[in-house]
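In what follows, a single structure is set out as C-alpha cells and then discussed.
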Amino acid sequence: MNKNRLIALVVLTASLISGTGCSPAVRVDRDILFQASTIGALMKGIYEGQMTVGELRPYGDFGLGTFEALDGEMVEIDGKFYQVRLDGTVYAVPDSLKIPFAAVTFFDNDKAVNFDKQVDLNGLQAYIDTLLPGVNLFYAVRIDGKFSYMKTRSVPMQVKPYPPLTDAVKDQQVLEFKDVEGTMVGFRCPPYIEGVNVPGYHFHFLDKDRKQGGHVLECTTSGVIIVVDKTAGMLMALPDTPGFNKLNLGRGEPEGLKQVEQGK
Ligand SMILES: [Zn+2]
C-alpha cells in the first residue's frame, strides 16, 4: 500500500467475538471479507489503483473487482487472478498490476448444493437466499457447472480525468454464451452495506478454460453446484488520497449502482 496509508476498519459480528458459530482463533482470518476502497468511490470515478494484486493476495483466494483505470473485470479463483478485458478475453495478471476496488476472502465450503433446475439470475439468487440463515452477514458464493445461457460484460479502460462509472459503462461490451461451462464467483452483501459495497448479489464469470468471461448480467443455470461461504467479518482498506478524501460519498447512489451492476 506504500504511499496510500492503510486505514483498516474491522467489523466483527458478535458471533465471531463471542466465539459462537465458529472458532475465532482459527477462522477469523479466513472468514473476513477484505475490501479495497468503496463502491461509492468507484461510482465517482476513483479508478486509481490503491494496492497491487501482490498486496491483495494475502487477503483472500477468491473474489472480484476491477483494475487500474477500470481496465476490465477482475476475478480471483483458487488464488489465481484473472483480468477480463473489454472484449471479454481473459488475461494473466502480474502481481504488479494495481487495483482500485476489490473484495476478496478465503473461500471455505460451508454449504454445497447440487442444483439442476433451469433458472435465470433472479431465480438463482432467490434460491441461494433459501440456503442462507439471513441476509445480514456477507456470503461468498461459488457456482460451478453448466449454463445454457450466460450474458457478461466488461468495461473499457478509462483515461484521466476519469468519468463516473455510470458514464464509463456506457461503452461496456456485452458477451453472450450458449451452453457454456464455467464458474461464477461472487458475494451476497447485506442491504445495510449500501455505498460501501453492492447490496445483494454481485457475480463475475469465467468459462471452464478461463479464456472468456466478465461481470454477470444474466444467466440460465443448467446443472450447477452452488457453494456458500459464510463470512461474518469485514476489513476495509481505504485510499488516503486527495481524490478520495475530497469526495462527497454520502450513502451511495442506489439508482446509478443498479444501472451499473445490472447493465440497465
Ligand atoms: Zn462486477
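Bear in mind that the values in this text are calculations on the coordinates, not laboratory data. For clarity, every value in this text was computed on a predicted model and none was experimentally measured. Please note: Cβ atoms are built from the backbone with ideal geometry, for glycine as well, and neighbour counts cover all protein chains shown.
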Checklist outcome for this item: Of the candidates V174, V159, V185, the one satisfying the condition of being within 17 Å of T66 (Cβ to Cβ) and outside any strand (DSSP E or B) is V159
Next on the checklist: Can you tell me which residue is farthest from the ligand (Cβ to nearest atom) among those in the stretch 207-223 that are surrounded by fewer than 24 Cβ atoms within 10 Å (Cβ to Cβ) and assigned to a strand (DSSP E or B)?
Outcome noted: G223
Item to check | Selected residue (only one of G54, G40, G45 is of a type in the set (G, A, S) and over 21 Å from Y162 (Cβ atoms)) | outcome: G54
Checklist entry - Are any residues in the stretch 188-206 in contact with an Asp or Glu (Cβ under 7 Å, 6 or more places away or on another chain) and either charged (D, E, K, R) or not in a loop (DSSP other than H, G, I, E, B) (or both), and if so, which ones? => result H202, H204
Checklist entry - Is at least one residue of the stretch 150-161 among the hydroxyl-bearing types (S, T, Y) and either surrounded by fewer than 22 Cβ atoms within 10 Å (Cβ to Cβ) or away from the ligand (no atom under 11 Å from the Cβ) (or both)? => result no
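A quick yes/no check of all residues on (1) surrounded by 14 or more Cβ atoms within 10 Å (Cβ to Cβ); (2) aromatic (F, W, Y); (3) more than 15 Å from the ligand (Cβ to nearest atom); (4) in a strand (DSSP E or B):
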| residue | (1), (2), (3), (4) |
| --- | --- |
| D87 | no, no, yes, no |
| Y91 | yes, yes, yes, yes |
| V104 | yes, no, no, yes |
| N109 | no, no, yes, no |
| I128 | yes, no, yes, no |
Checklist entry - Do we find a residue being within 14 Å of the ligand (Cβ to nearest atom) and part of a strand (DSSP E or B) anywhere in the stretch 163-171? => result no
Checklist entry - For the stretch 47-71, which residues satisfy the criterion of being within 16 Å of the ligand (Cβ to nearest atom), over 13 Å from the mean Cα position of the chain (by Cα) and not in a helix (DSSP H, G or I)? => result Y47, D71
